[in-house]
Amino acid sequence: MSPDFVPPVRDDLVGTASYGAPQLDVPARLNVNENPFPLPDELAAAIGAAVADAAVSLNRYPDRDFEALRAALADYLARQSGVRVPWSQVWAANGSNEVMHQLFLAFGGPGRLAITFDPTYSMYPEYARDTFTRYLTFPRLEDFTVDVPAAVDEVLALRPSIVILTSPNNPTGTSLPLADIRAIADAALRVGAVAVVDEAYAEFRHAGVPSAMTLFAQFPNLVVIRTMSKAFAMAGARLGYAAAADPRVVETLRIVRLPYHLSAVTQAVALTALEHADLLQAQVALLRAERDAMAGWLTDNGFDVAPSEANFILFGRFEDRDSVWQGLLDRGVLIRQTGPREWLRVSIGTPEENDRFRAALLEVTGRRVESGTVEEGSR
Ligand SMILES: *Cc1c(COP(=O)(O)O)cnc(C)c1O
């Protein structure tokens, strides 16, 4: 190694650290909104067989346009949201993060603007940085909904090319009323922007909360993002996807994607998981019930709770959230310091993990009541 070599880092990256949540091996990992349950044996075995099948053909490049997988995703979306789109309006990549990155490559870029509403997902500014897209956020209201009249004015005045709405939102867990999405998508349409609705947590929403896909017929600029990382219990497989109201959006993503970006192994794994989607329904139902029970418990114990439609809960408020976070970690519970300064976010785990979290939280915050009462309130 030459002693005087300085890597020619892009000016705007100098001093930037790579970002990511801690990956610590503790008994309760409740910090990145994963599905806490291992795959059912039947599904794991089916995936093993599908990968073995795919292995024989790994000498060849994979199906570049993965039509079978897109058709299966379109079927799943039709069942899940009630809206059917042809496979040509569905796209996928290695996690919805890559789909979003491709959307920024396709519709952002130098001289262009993306806007969204804080607090929200911490990865969006990274896609903007990578693609030299200007990125602006506007604060959400006290209840974490969007100030719609202000948002409409901002979209019309600033003329972004990308507007991101996250619903259910991360880290707040709150969803946006469909009327709000409609109003902002309409403003976006008037300035020629794509309106991207990130529905990473859609499967966890309460009954009767519609997907933004129900607005496709009215808003050709809508793109809905989904992932297999959360409800599907497949964060390790890296498969995210999008449905677009206009097939030309997907055509543009095909231009910017890297060649053969979705490996044959990934395609086989995702297809097999979709064939077994019903197996995961029970897990999702349990997680939703645990989420609602956890929200009730936190409220009963005097915490502030943001109403969650996701598999995590933002709760507070703490003068020193870092010490609460550390206290929980000392008791084997890893959660997340994210969002507004006085709040913490906990992912819904298995019932055992959730119990451990509740007991630890009472201890750390000095709210421990006689153990009998705690047990009663915690289930
Ligand atoms: C977890 C999450 C995703 C998922 O990212 P993947 O790359 O699909 O794992 C996307 N959007 C939001 C808001 C998330 O919280």
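The values are calculated or read from the model by the stated rules, or taken from the named source; none is laboratory data. This one's a predicted model, so the numbers in the text were calculated from it and none came from an experiment. Counting neighbours? That spans all protein chains shown, and the Cβs are built from the backbone with ideal geometry, glycine included. These area figures cover heavy atoms from the full protein model, side chains too; ligands, DNA and RNA do not enter into them. Shrake-Rupley method; radii C 1.70, N 1.55, O 1.52, S 1.80 Å.
Summing Lys and Arg as +1 and Asp and Glu as -1 over all other residues whose Cβ lies under 14 Å from the Cβ of Asp330 gives a net charge of 0. Antiparallel beta bridges, as assigned by DSSP with both residues in the range 59-277, represent about 35 percent of the total such bridges.
Note: relative contact order over the range 59-277, using C-alpha pairs below 8 Å and six or more positions apart, is 27 percent. Placing a label point 7 Å from the Cα of Ala157 along the Cα-to-Cβ direction, no residue of the range 108-130 has a backbone N closer than 13 Å.
Accessible surface calculations at 1.4 Å, restricted to protein heavy atoms, place the chain at 45 Å² per residue.
Only protein atoms count toward the accessible area here, which uses a 1.4 Å probe; on the range 276-358, the carbon and sulfur part of that area reaches 44 percent. Extending 7 Å from the Cα toward the beta-carbon at both Ala49 and Leu13 defines two label points whose distance is 4.4 nm. Of the whole protein surface, Phe315 contributes about 0 Å² of accessible area at a 1.4 Å probe radius.
His261 sits with roughly 20 Å² accessible to a 1.4 Å probe, with DNA, RNA and ligands left out of the calculation. When the Cα centres of the range 1-64 and the range 257-304 are compared, how far apart do they sit, in Å? The two parts, judged by their Cα centres, are 17 Å apart. A simple spin-label model places pseudo-atoms 7 Å from Cα toward Cβ; at Asp4 and Gln326 they are separated by 4.5 nm.
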